[in-house]
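Notes follow the structure.
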Amino acid sequence: MKTITAFIQSDGKPDLTEVELPEGVSIDDLFALLTQHEIDLDDEIEIFIDEADEPLKRKGKDRVPALKRGCRIHVTRCRKVKASVNFTDRTEAEQFAPGVRVRRVKAWAVRVFKLDGNDASEHVLQLCNSTVRPPTDTPLYELTDRRSCAICFDLVPEKRVEG
């Protein structure tokens, strides 16, 4: 039987857990595997595959959709993450799935604040009240405190060296 490698990212666990899943694994079998890896699956937990907008159903023999090699399985209490972005004198906010990456939030912010291509390429997202600029492939819920399901960014100029 063919297998795929996936990575479990769970609230309360700082590291990724690498697992081998059979191709076509059912939702019930995935939940059993998560329990084997000592992941608490109480009624408040949601499971998302990569950047999926909707969580998996809680039970069923249906195949887990969108599983592919290297995907992330997000186990979180956040059904949505509210991302607020500050730019100049404006703040805009949008709800995203927990697995959505920082780059998607930046693309949304570029549209909302109507930045042209040059301006967009010269700006990055930085966590509010810090100097931390998370990598663009970071899932949003990884940046939350796991309780508020919210994150705040400033859209700031990226320093460039002119030569």
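The values are calculated or read from the model by the stated rules, or taken from the named source; none is laboratory data. As the structure is a computational prediction, the values presented were derived from the model and not from experiment. FYI the Cβ positions are ideal-geometry reconstructions off the backbone, even for glycines, and counts take in every protein chain you see.
Give the residues of the stretch 9-26 that are free of Cβ contacts under 8 Å to residues at least 60 places away in the same chain and either closer than 15 Å to Asp40 by Cβ or in a loop (DSSP other than H, G, I, E, B) (or both), sorted by residue number. Selection gives Lys13, Pro14, Asp15, Leu16, Thr17, Glu23, Gly24, Val25. Residues in the stretch 129-142: is at least one in contact with a Cys (Cβ under 9 Å, 6 or more places away or on another chain), surrounded by 13 or more Cβ atoms within 10 Å (Cβ to Cβ), hydroxyl-bearing (Ser, Thr, Tyr) and outside any loop (DSSP other than H, G, I, E, B)? Checked against the condition, which is being in contact with a Cys (Cβ under 9 Å, 6 or more places away or on another chain), surrounded by 13 or more Cβ atoms within 10 Å (Cβ to Cβ), hydroxyl-bearing (Ser, Thr, Tyr) and outside any loop (DSSP other than H, G, I, E, B), the stretch 129-142 yields at least one hit.
Is it the case that some residue within the stretch 26-34 is surrounded by 16 or more Cβ atoms within 10 Å (Cβ to Cβ), out of contact with any Cys (no Cβ under 7 Å at 6 or more places or on another chain) and among the small types (Gly, Ala, Ser)?
No; the residues of the stretch 26-34 include none that is surrounded by 16 or more Cβ atoms within 10 Å (Cβ to Cβ), out of contact with any Cys (no Cβ under 7 Å at 6 or more places or on another chain) and among the small types (Gly, Ala, Ser).
Restricting attention to the stretch 89-123, the residues being in contact (Cβ under 8 Å) with a residue 12 or more places away in the chain and of a type in the set (Ser, Thr, Tyr) number 0. Give the stretch 111-127 a look and list any residue that's exposed (fewer than 13 other Cβ atoms within 10 Å of the Cβ) and in a helix (DSSP H, G or I), or say none. Within the stretch 111-127, Arg111, Gly117, Asn118, Ser121 meet the criteria. Exactly one residue among Ala83, Ala32, Ala66 is modelled with pLDDT of 95 or more and of a type in the set (Gly, Ala, Ser), and that residue is Ala83. Here Ala6 clears all of (1) within 26 Å of Phe96 (Cβ to Cβ); (2) among the small types (Gly, Ala, Ser); (3) in a loop (DSSP other than H, G, I, E, B) except the condition numbered (3). Residues of the stretch 87-110 that are over 20 Å from the mean Cα position of the chain (by Cα) and either buried (at least 17 other Cβ atoms within 10 Å of the Cβ) or not β-branched (Val, Ile, Thr) (or both): Phe87, Asp89, Arg90. Residues considered: Thr91, Thr76, Thr35, Thr17. Of these, the only one that is closer than 24 Å to Lys159 by Cβ and hydroxyl-bearing (Ser, Thr, Tyr) is Thr91. Residue pairs whose Cβ atoms lie under 7 Å apart, sitting 6 or more positions apart in sequence or on different chains, and linking a residue in the stretch 125-140 that is more than 25 Å from Ile73 (Cβ to Cβ) to a partner that is of a type in the set (Val, Ile, Thr) and surrounded by 15 or more Cβ atoms within 10 Å (Cβ to Cβ), are Gln126/Val156; Arg133/Val124.
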